[in-house]
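Following: one structure in structure tokens, then a few remarks.
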Amino acid sequence: MVESSSDSTLPYSYAPLAPSHDQCNIGSGDDKQQRRRSLKIGVLIFSGLMICALIVSFLDYNNQPIVVDNDGVKPNDYKLSRPPPENLAGVEVVPGSEELLFKVTRGPLYYNGWYHFFYQYNPEGAVWGNIVWGHAVSKDLIQWIHLPIAMVADRWYDFNGVWTGSATILPDGQIMMLYTGSTNESVQVQNLAYPANLSDPLLLEWVKYPGNPVLVPPPGIGKLDFRDPTTAWLTSEGKWRITIGSKINKTGISLVYETTDFKNFELLDNILHAVPTTGMWECVDFYPVSLTDTNGLDTSINGPLVKHVLKASMDDDRNDYYALGTYSEANGTWVPDNGAIDVGIGLRYDYGRFYASKTFYDQEKKRRILWGWITEGDSEAADVKKGWASLQGIPRTVLYDQKTKTNLVQWPVEELETLRHNSKEFDRIEVTAGSVVQLDVSSATEMDITAEFDIEKEALESLPVTGEKYSCPASKGAAQRGALGPFGLLVLADNDLSEQTPIYFYVVKTSSGNFKTFFCTDLSRSSIATDVAKDILGSTVPVLKGEKLSMRILVDHSIVEAFAQGGRTCITSRVYPTQAIYKDAKLYLFNNATEASVTASVKTWQIIFACEFYYSI
């Protein structure tokens, strides 16, 4: 058993092993070793030269230094991050001892060979406040370089924080970054910033437009209810439009503005959309998806073979909802395909800890990428003690589901698969009702897992119609037994199953004779710690005739991201085990159904560590 942290003030022990730096060699080409860790933002305390000197003294480098494209960035602009302190949780680690809050994705874009990731960031504490814009870049969405802070709260119009924003790349290559600032009187206004030097691929310096703010709350909108401008889209008349989240009483709305220069805006008469009782809409996103193609679309694309996604983060319940619908450029409105699952009352991107998400169009690989903020599930006191809070999930591609025609599908970006190694396959394992089967894998704390399940045909045919009104959150989790479920995988489980996180399917037969499938994550026994969230998460997942039940699970110490049926339903969890860590973390198949056996085929990979680097001027 892993020894507890010596810090007895935390209510639980979660002390990760520091990665060895020989797994973080800086190399060129596909042969360089990498190890993954979820992105955490920190401030380097010791100088880069001192760290590099220590590393060179102790390690044997087998690869050549990073060779970057001829874009003006030199190999010695990078410094290897130092080992994570032993008292921090998981591989999602912040170097250094400062207390840091890492928050919402802002203004992501791909520019001159680099993916740019901006985020709300508190360099002074692991709590809300003092919000500035952090900045990191990557060539592959896996290995990241931390850059200097992009924007700070140094003007009257963003005195109380540089908040959410979005980037728009114009046809001539200019970049317009619109962002919300909270003024010295706490009024939410929209401001413009742009790169100081477009020839710099890292976009290190940003200039705030002298005429800011470019937008203030219009009549009838509260000073605290006007935030988060979207990426702009181009109309057929050559004008740019953006939408901004707000509310009127308890009705969530998205306002539409038009501009030609991003400095002068006109509010359209019609709002884009409104849904009563949903409250304040923040972090609104609006983008097209193709009905026929498997590529993503630029934000300005429209036409008969396109649907538009309207997404809003609901300030009232802190979840991200989306709906598919039709956008009319002529009157600037959007209508959902199905009003019963409108924005805020229907589909969610993710049924776990996933909020304030943002997409961008990756013009290099012709895909739309979604990033989501993963919040903590422990106490604020624990966050302050460990020195950081919150992180970003694995970037996901987003597409229209051409099979169901009712939802999106999300999937981890393909680059993640470069971190897979030590694969194992477990083919057609029978898991009888009420049984648990351990899978022979080494330490199961950093894994990529895929699984398919077959239910006995006889059990399906003989299943009686039930009036059961099942719901993942309202259920008793994996302990609630039915004829066809729950069954799935136990991740981050210890030998005696005192700690376990079940991820599972549950199938019921409705009064119409059809099957209804639920996909859930049960945190009720995920940790023996007492100050962590232990919710039961999930929702229904569409399963078409002839499809096997399938899931993919990404496990990274305290983060578990689960995808059902190719990403139709997704669940992100924060898990804080005290026993099921490192070599003591196991992986099991389980079937807690009362009647049916299932046959499972599972493939696992260990995930190697992805390095982080620091820019040095």
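The values are calculated or read from the model by the stated rules, or taken from the named source; none is laboratory data. Remember, it's a predicted structure, so these values are computed and weren't measured experimentally. Here the Cβ positions follow ideal geometry from the backbone for every residue, glycine too, while neighbour counts run over all protein chains shown. The accessibility values were calculated without ligands, DNA or RNA, using every heavy atom of the protein model including side chains. Shrake-Rupley method; radii C 1.70, N 1.55, O 1.52, S 1.80 Å.
Points worth noting:
- Geometric extent, Cα atoms of the range 300-369 - Rg, Dmax (angstrom): 13.4, 37
- Rounded percent of accessible protein surface that carbon and sulfur make up, the range 418-608, 1.4 Å probe: 47 percent
- Under the criterion of Cα pairs below 8 Å and six or more residues apart, the relative contact order for the range 472-547 equals 29 percent.
- Taking 7 Å steps out from each Cα toward its Cβ at residue 460 and residue 237 produces label points 5.4 nm apart.
- Mean Cα-pair separation over length for the range 104-412, i.e. relative contact order, pairs under 8 Å, 6 or more apart, %: 12 percent
- Based on the reciprocal of the average 1/r between different C-alpha atoms, the Kirkwood radius for the range 104-412 equals 19.5 Å.
- Cα shape, the range 406-447, gyration tensor, a/c 1.5 rule: oblate
- Pairs of alpha carbons in the range 331-417 whose separation is greater than 15 Å (percent): 70 percent
- Remark: the range 250-265, residue by residue, has Karplus-estimated 3J(HN,Hα) of 9, 8, x, 9, 10, 7, 10, 10, 10, 8, 10, 10, 6, 10, 10, 10 Hz, where x stands for each Gly or Pro and the curve is 6.51 cos²θ - 1.76 cosθ + 1.60 at θ = phi - 60°.
- Alpha carbon convex hull of the range 98-256, projected area averaged over orientations, nm²: 10.8 nm²
- Solvent-accessible area of the range 104-412 (1.4 angstrom probe, protein heavy atoms only): carbon and sulfur portion equals 51 percent.
- Solvent-accessible area per residue for the range 161-308 (1.4 angstrom probe, square angstrom): 38 Å²
- Accessible area in square angstrom per residue, the range 398-530, 1.4 angstrom probe: 45 Å²
- In percent, rounded to a whole number, the relative contact order of the range 418-608 is 41, using alpha-carbon pairs under 8 Å and six or more apart.
- Rounded if a/c under 1.5, otherwise prolate or oblate - the range 418-608, Cα gyration tensor axes: prolate
- Karplus-derived 3J(HN,Hα), 6.51/-1.76/1.60, for each residue of the range 183-200, Hz, glycine and proline x: 6, 5, 10, 6, 8, 7, 10, 9, 10, 10, 9, 8, x, 6, 8, 5, 7, 8
- Among the listed pairs 516/545; 534/603; 548/603; 239/358; 403/424; 509/548, those beyond 21 Å (Cα-Cα): 534/603; 239/358; 403/424
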